[in-house]
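Chemist: Have a look at this one before I ask anything.
The values are calculated or read from the model by the stated rules, or taken from the named source; none is laboratory data. Computed from a prediction, not measured in an experiment: that's the story for all the values here. Every residue, glycine as well, gets a Cβ built from its backbone with ideal geometry; the counts of neighbours run over all protein chains shown.
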Ligand code: NAD
C-alpha cells in the first residue's frame with residue numbers, strides 16, 4: 001500500500017527513527033513491517049536501532065537539556081503552542097495515519113488527535129506555573145523556600161491503543177517542565193509518533209529535545225531503564241510490562257510513573273432506568289473495540305433490573321457496525337492483530353465452559369481475520385478469565401448483585417484500580433460507592449471522564465503517579481529546597 005498517497009502532506013509519513021533532529025536509519029539492518037490491522041497490508045517498515053544508537057539518543061538529549069532547561073518558561077510555552085497549532089492544522093492526516101496503523105474508526109482517530117493536542121496546549125501553559133514556595137523560616141536570619149527544577153532526561157514508553165495521545169500526555173508535560181524526552185512507541189503504531197516528531201521539528205523544538213527511538217521492545221526499554229543519565233521513566237502499557245520496567249529502574253533509582261491496566265467495573269443501581277444505563281455501558285465497553293484501559297470490563301447490575309438491562313444492552317450492541325475504520329458509518333474497527341483475536345476467543349470459550357450464557361456475538365459475521373464481533377455474556381462469575389484478566393477485547397460480561405455492599409466487594413475484587421463507573425441517581429448510594437471503591441478515578445453517570453484538567457491514573461496495580469491536571473507536570477519536576485542563611489535581620493524570621 002502507498003500510504004503517503006493517502007495524506008495531503010506525505011512528509012508526515014516517516015519510516016526512520018528521529019534522533020537529535022535527524023531521521024535515522026538502523027545500522028544493523030534490522031527492520032520491522034507495520035501492518036494495517038483491518039486489511040493485513042504492510043503499511044511500511046521501521047528500523048530497529050542498535051544499542052549504540054539508543055545511547056546516541058541519550059547523548060543528544062543530554063546535550064539538548066542544557067539549552068532547553070535554560071529557556072524561560074514562556075519561551076518553551078511558545079514552542080509547544082506552535083506544536084499544538086501544527087497538530088490541529090494536520091489533524092486529518094494524523095487521523096488517517098492513526099486509523100491505518102491502529103484500526104480505530106476515523107472519527108475516533110480525529111477525536112484522539114484533538115484529545116492528544118489538548119494536552120500540548122494544557123502543559124504549554126502549565127509550564128509557566130511551576131511555582132516554588134516561600135517557607136516561614138524557623139532559622140534566625142534565614143530565608144527558606146523551594147524551587148522547581150526539571151528532573152532531566154525522560155524516557156517515555158507508550159502503547160498502541162492510543163498511539164498519539166499517550167505520547168503527548170507525557171511529552172508535553174516533560175517538555176514544559178524543561179526535560180528532553182526519548183519516546184519509544186509501540187512497534188504496532190510507530191507512524192503517529194514519527195509524525196509528531198516531524199511536526200515538533202517544524203514547530204522549532206530544538207534537536208535532541210523530542211527523540212523517537214525504535215527497536216526490539218525489551219532491548220530498548222532495558223537500555224533506557226539501565227541508563228543512569230535517564231532520570232525519569234513514564235510508561236503506559238500492561239501491568240505485566242510495567243512491573244518489569246519498575247524493577248529495571250531500581251538500580252538507577254529513577255523517577256517512575258506508570259499508567260497500567262484497567263479492568264473497570266460498571267455498577268448499575270436499582271433506581272436506574274435500565275435502558276439509559278445499558279446504552280451508557282455499551283459506549284463505555286466498545287470504544288476502541290474494547291482495547292481501552294477505561295473499558296467497562298465487569299458490568300455489575302442490580303438483580304431487580306438485570307434482565308431488562310441485558311435486553312437493552314443486546315439491542316444497542318447489535319446495532320454497532322463493525323468494519324474497516326477508513327469506511328464511513330463504522331463504529332468498531334478490528335483488533336490490533338490476530339493474537340488479540342485468539343485471546344478474545346479463548347476468554348469467551350472459557351466463560352461459556354464455566355457456565356456463562358452467550359446472549360449475542362456471532363463470530364461468523366466478522367468482516368476479516370483481525371475482527372472480533374462484540375459479545376455479550378451473562379452469568380459472569382469470579383472464576384472466569386473474563387473476570388480475572390483485562391480482556392482488552394469487545395467482550396461484555398454481566399453479573400447480577402443483590403445490594404450495595406456486594407457490588408462494592410465485587411468491584412474491588414481485582415488487582416487493578418484504574419477507573420470505575422457508577423450509574424445511580426441516589427445521592428447516598430453515590431457517596432457510599434465513591435468512598436468505598438478502590439480506584440483512582442470514579443465516574444458517576446458519565447462515560448466521558450478524561451481530559452487535560454483532570455488527574456488521570458490508578459491505584460493498586462494500575463500504576464503510580466498521575467498524568468494531566470495540575471499535578472501531571474510534577475512527575476517531571478524536582479523540588480529543590482533552599483536555605484539562605486546569615487542574611488542579617490530578615491523581616492518575619
Ligand atoms: P504492553 O505493555 O504490551 O506494551 C506497552 C509498551 O511497552 C510498548 O511500547 C511495547 O513495545 C513495550 N513493551 C512490550 N513488551 C515489553 C517488554 N518485555 N519489555 C519492555 N517493553 C516492552 O501494552 P500494550 O499491549 O501496548 O497496551 C495495552 C495495555 O496498556 C493495557 O493493559 C492497557 O490497559 C494499558 N493502557 C493503560 C493506559 C492508562 O492510562 N492507564 C492507557 C492505555 C493503555
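Chemist: Picking from 204, 208, 178, 187, which residue would you name as being in contact with a helix residue (DSSP H, G or I) (Cβ under 9 Å, 6 or more places away or on another chain), within 9 Å of the ligand (Cβ to nearest atom) and assigned by TED's automatic domain parsing to the domain that holds residue 115?
Modeler: On the way: 204 fails: within 9 Å of the ligand (Cβ to nearest atom); 208 fails: within 9 Å of the ligand (Cβ to nearest atom); 178 fails: within 9 Å of the ligand (Cβ to nearest atom).
None of the other options fit; the residue is 187.
Chemist: A follow-up question, please. So which of 195, 154, 200 is more than 14 Å from the chain's Cα centre (by Cα), closer than 27 Å to residue 15 by Cβ and part of a strand (DSSP E or B)? Spell out the reasoning first.
Modeler: On the way: 195 fails: part of a strand (DSSP E or B); 200 fails: part of a strand (DSSP E or B).
After ruling out the rest, the residue left standing is 154.
Chemist: If you don't mind, there's one more thing I want to ask. Kindly establish whether residue 314 is in contact (Cβ under 8 Å) with a residue 24 or more places away in the chain and either away from the ligand (no atom under 16 Å from the Cβ) or in contact with a strand residue (DSSP E or B) (Cβ under 7 Å, 6 or more places away or on another chain) (or both).
Modeler: On the way: in contact (Cβ under 8 Å) with a residue 24 or more places away in the chain: yes; either away from the ligand (no atom under 16 Å from the Cβ) or in contact with a strand residue (DSSP E or B) (Cβ under 7 Å, 6 or more places away or on another chain) (or both): yes.
Yes; evaluated as a whole, the condition is true for this residue.
Chemist: Select from the range 1-22 the residues that are part of a strand (DSSP E or B) and under 26 Å from the mean Cα position of the chain (by Cα) and write down the one among them that is surrounded by the most Cβ atoms within 10 Å (Cβ to Cβ). Write out each step before concluding.
Modeler: Our first condition is that a residue be part of a strand (DSSP E or B); within the range 1-22, this holds for 17-19, 22.
Keeping just the survivors that are under 26 Å from the mean Cα position of the chain (by Cα) gives 17-19.
Numbers: 17: 28, 18: 24, 19: 25.
Ranking the candidates gives 17 first.
Chemist: Of the residues in the range 232-261, how many are farther than 18 Å from residue 169 by Cα and either more than 14 Å from the ligand (Cβ to nearest atom) or in contact with a strand residue (DSSP E or B) (Cβ under 7 Å, 6 or more places away or on another chain) (or both)? Walk me through it before giving the result.
Modeler: Within the range 232-261, the first condition is being farther than 18 Å from residue 169 by Cα, and the residues that meet it are 239-241, 243-254.
Still in the list and also either more than 14 Å from the ligand (Cβ to nearest atom) or in contact with a strand residue (DSSP E or B) (Cβ under 7 Å, 6 or more places away or on another chain) (or both): 245-246, 249-254.
Total meeting the criteria: 8.
Chemist: Sticking with this structure for a sec: Across the range 394-415, what is the total count of residues that are assigned to a loop (DSSP other than H, G, I, E, B) and surrounded by fewer than 24 Cβ atoms within 10 Å (Cβ to Cβ)?
Modeler: First, the residues of the range 394-415 that are assigned to a loop (DSSP other than H, G, I, E, B): 394, 402-403, 412-415.
If we keep only those that are surrounded by fewer than 24 Cβ atoms within 10 Å (Cβ to Cβ) as well, we get 402-403, 412-413, 415.
Number satisfying all stated conditions: 5.
Chemist: Might you let me know whether the range 332-347 holds any residue that is more than 16 Å from the ligand (Cβ to nearest atom), buried (at least 24 other Cβ atoms within 10 Å of the Cβ) and within 25 Å of residue 307 (Cα to Cα)?
Modeler: The answer is no, given that none of the residues of the range 332-347 is more than 16 Å from the ligand (Cβ to nearest atom), buried (at least 24 other Cβ atoms within 10 Å of the Cβ) and within 25 Å of residue 307 (Cα to Cα).
Chemist: Just to be sure before I move on: is residue 328 surrounded by fewer than 20 Cβ atoms within 10 Å (Cβ to Cβ) and more than 17 Å from residue 278 (Cα to Cα) in the structure I sent? Explain how you work it out, then say what you get.
Modeler: On the way: surrounded by fewer than 20 Cβ atoms within 10 Å (Cβ to Cβ): yes; more than 17 Å from residue 278 (Cα to Cα): yes.
Judged against the criteria, residue 328 is a match.
Chemist: Follow-up. Which is within 16 Å of the ligand (Cβ to nearest atom), modelled with pLDDT of 95 or more and farther than 13 Å from residue 390 by Cβ, of 280, 264, 296, 284?
Modeler: Numbers: 280 fails: within 16 Å of the ligand (Cβ to nearest atom); 264 fails: farther than 13 Å from residue 390 by Cβ; 296 fails: farther than 13 Å from residue 390 by Cβ.
Result of the check over 280, 264, 296, 284: 284.
Chemist: How many residues does the range 452-479 contain that are away from the ligand (no atom under 13 Å from the Cβ), out of contact with any helix residue (DSSP H, G or I) (no Cβ under 7 Å at 6 or more places or on another chain) and either within 21 Å of residue 285 (Cβ to Cβ) or in a helix (DSSP H, G or I) (or both)?
Modeler: 1
Chemist: Among the listed residues 259, 276, which satisfies the condition of being surrounded by 24 or more Cβ atoms within 10 Å (Cβ to Cβ) and more than 19 Å from residue 347 (Cβ to Cβ)?
Modeler: Values: 276 fails: surrounded by 24 or more Cβ atoms within 10 Å (Cβ to Cβ).
Being surrounded by 24 or more Cβ atoms within 10 Å (Cβ to Cβ) and more than 19 Å from residue 347 (Cβ to Cβ) holds for just one of 259, 276, which is 259.
Chemist: From the list 429, 435, exactly one residue is within 17 Å of residue 277 (Cβ to Cβ) and assigned by TED's automatic domain parsing to the domain that holds residue 298. Which is it?
Modeler: On the way: 435 fails: within 17 Å of residue 277 (Cβ to Cβ).
Testing whether each residue is within 17 Å of residue 277 (Cβ to Cβ) and assigned by TED's automatic domain parsing to the domain that holds residue 298 leaves just 429.
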